[in-house]
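Written out below as structure tokens is the structure these notes cover.
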Amino acid sequence: MPSEFFPRTPCLDGADPEAKRAEILHYFQTTFDRYESLFQLLANDEEAYTRKPISLRHPLIFYLGHTATFFINKFVLAGLVTQRINPRLESMFAVGVDEMSWDDLDDSHYDWPLVARVWEYRRQVRETVERVIRETPLSLPIGWDSPFWAVVMGIEHERIHLETSSVLIRQQRLALVRPHPDWQPCRLSGPAPENSLVDIPAGWVRLGREFSDPWYGWDNEYGHHEAEVPAFRAARYLTSNGEFHGFVAAGGYADDSLWDEEGLGWRRFAQAAHPSFWVREGSHGDTGGPGGTTGTAGDSEVKSAGGEQSAETLDTSGADGDEAATPVNAGVIAGGDEKDSNWKLRLVAEEVLMPWDWPVEVNCHEARAFCRWRARETGLPVRLPTEDEWHRLYDHVGLTDVLADGPAAANLHLDHWASSCPVNRFPHGELFDVVGNVWQWCETPTYPFTGFAVHPLYDDFTTPTFDHRHNLIKGGAWISAGNEARHVSRYAFRRHFFQHAGFRYIVSAAPVSEPGSLYETDALLAQYAEFHYGDEYFGVPNFPRALAEIAAAAFARHGHGHPGRALDLGCATGRSTFELARHFAQVEGVDFSARFIQTGVQLAKTGVIRYTLPEEGDLVAYRERRLDAIGLAAVGSRVSFWQGDACNLKPVFCGYDLILAANLIDRLYAPKQFLNEVHQRLNPGALLVLASPYTWLEEHTQRGEWIGGFKKDGESYTTLDGLKELLGLHFDLVEGPREVPFVIRETRRKFQHSLSELTVWRRRE
């Protein structure tokens, strides 16, 4: 048992800011140490880091650098730091891989740095984060809008990748990993217990969190959802390797009738014949083949070389304790085929003889196929639980989240071992392992609760998963720590992914409803996509295209040299970026919203986007837009898209021959700062093209930051007056002002018709 427990996610309220600062510093240091300790499981050579464990994901060197980069990128956005440590690494390690399908291979080639360089970068990041924690002003509580929220966000993000990186190491070639004393697995195993069903009475569940809740959370946890859950029966234990062996032995992997269309496609592609982490005696032992797809998301004093539980703190007898439980009818395998000794189980850093009483670890497709098999064998409506039903289990057995001052009463939070353990080890009321051991697949695709909002520092944490293709997992695994270990957490993965995840089946005739995943910002994204790539209305030309043409013509008249590089700042969904690429050799589009720039990324990659538009009420129209239909297919190779803050741009965004900032300045929080510094981004003689309707609103820009639109010295002071005053030090006004109209479609019969004032400024040489 650890002498000190891996720190729990901290309460962000309290009366002593300095004590909370010290607690968060300790939380960061132990998390950063633990993450680095995980990578000590890799052999000490470059191949262990640069060979992909599976073809669909980055090599492990990416994940060594990624979590450190995350701190710096979010700190820059939050204004906690102003200087980057290494812009190249912070770009390279910024974005992971979430493939759309199991055969969406990432064949990109990266010039990965030496491993030693990444370790040195992590050391520099550690110093920066520690300095930020020690020196940034802190007031309590730490809320959603607090700069310190970004600090806790980085720590919790690192804990997510502690788990997901351990899965990738588990899929790395066995010769490239090595056991480590701080990552010792459980050594207990025996025959698999006979599973049985436990009655769960009907009840209400109330999910979702208030924004005032004094604990860190990811955006999808907030809002509210209520549901009445009909009575059902649940398996007493998680499905064990032994119980699942019955499905394997019965030819379940070869029986097409047990797999839905998506699952069958994965199974055929992966050529799966058994769980990915099961290894036949004498085989090569790698689990990173086509079927070995996995999910997303150092050690100092913290130890996890688990041992025996204290009988004084935890009942580990494994007794059922419920004489009224109903045995599952027919075909139960207690311990699997114990005579079949040809199976081993791949753990994170070693292979062991198959522990038949440990939970099987499979993806959602395999779990669903097993349930269909059990339904056919028993004549009962066997399936995976919904998210609501899992919460009903949690409430029924009266669990609470892991306490700070004692071991988890579950195989959770690295409190016991660095692996799963027997499914009858941790009783929770009438059930076992309601939380812990392995994650549990649910039938529910992730969706937003009512009141869902996107956090501005991480607007693409959840929104890309609202696609009915990412199913929720609940309960946590042995390594799940911090926010992951809280029962309110909501993590979801594509159904073909592997995590340390298994399942508990239930018996219920209640239909499974698939909650809708539409949300307000989807409507906004579709509105901008239509504004950029859709139809023209009332004879008004397409606004982003018109601006690009005006800018290119102005460059021909006033520009200096050849049209080399251009920047489309506040690019939204990217139409002007593509249009500028007709005239410039290289164009970069930058926007604060990751959701918006992903539209441009998708168009550059695939040439097509699809979205729905509101017509009236609940009626929508479906749209498909293609670059080749608007004559832009040939320019995709000359554009790139980046997330960034116009008031705090990375130093790499410089050396441009033209910058277009369309309908941007009246939405910035610091437009004066932007205008005072923008000349530094341009080459001498280059052009700055500004367009804006000057719709100054305090919800976007504090009144003291307005460029114009107010009385000054008793006289009207326009935004153009302010632009002349601010830009006059470095620019000459060479064209304008002129008005450029634009129309935004809201519904089939409602439109916004506006005028944007355009000016062209030339930087003095």
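FYI, it's all coordinate maths here, none of it is from the lab. Owing to the predicted nature of the structure, the values given are computational and were not obtained by experimental measurement. Quick reminder, even Gly has a Cβ in these numbers, built from the backbone with ideal geometry, and neighbours come from all protein chains shown.
Structure values in brief
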| quantity | calculated |
| --- | --- |
| Cβ charges +1 (Lys, Arg) and -1 (Asp, Glu), total dipole of the chain, debye | 2100 |
| Filtered chymotrypsin sites (Phe, Trp or Tyr not before Pro), the stretch 722-757: DSSP coil and at most 10 other beta carbons within 10 Å | none |
| Selected from 511, 223, 589, residue furthest toward positive end of dipole (the chain; charges at beta carbon) | 589 |
| Rough spin-label spacing in nm, given labels placed 7 Å along Cα→Cβ, for residue 556 and residue 178 | 6.6 |
| Structure-based [θ]222 nm, the chain - -39500 (n - 2.57) summed over DSSP H runs of at least 4, per residue, nearest 500 | -8500 deg cm²/dmol |
| Check: the stretch 361-414 dipole with +1 on Lys, Arg Cβ and -1 on Asp, Glu Cβ, in debye | 440 |
| DSSP-loop chymotrypsin sites (Phe, Trp or Tyr not before Pro) across the stretch 576-682, with at most 13 other Cβ within 10 angstrom | none |
| Loop-located GluC sites (Glu not before Pro) in the stretch 151-233 whose Cβ has at most 15 other Cβ within 10 Å (DSSP) | 210 |
| Positive-end residue, the chain charge dipole about Cα centroid, Cβ charges, pick of 141, 453, 419 | 453 |
| Environment charge at residue 15 (Cβ cut-off 14 Å; Lys +1, Arg +1, Asp -1, Glu -1) | -2 |
| Cβ-placed point charges (K, R +1; D, E -1), dipole of the stretch 17-176 about Cα centre in debye, nearest 20 | 420 |
| Label-to-label distance, nm, for residues given as residue 145 and residue 739 (7 Å Cα→Cβ offset) | 3.6 |
| Residue 721 versus residue 488: modelled label distance in nm, points set 7 Å from Cα along the beta carbon direction | 5.0 |
| Fully extended contour minus Cα-Cα distance, from residue 405 to residue 669, at 0.36 nm per residue | 90.7 nm |
| Theoretical FRET efficiency, 1/(1+(r/R0)^6), r = Cβ-Cβ of residue 212 and residue 536, R0 51 Å, to 0.05 | 0.65 |
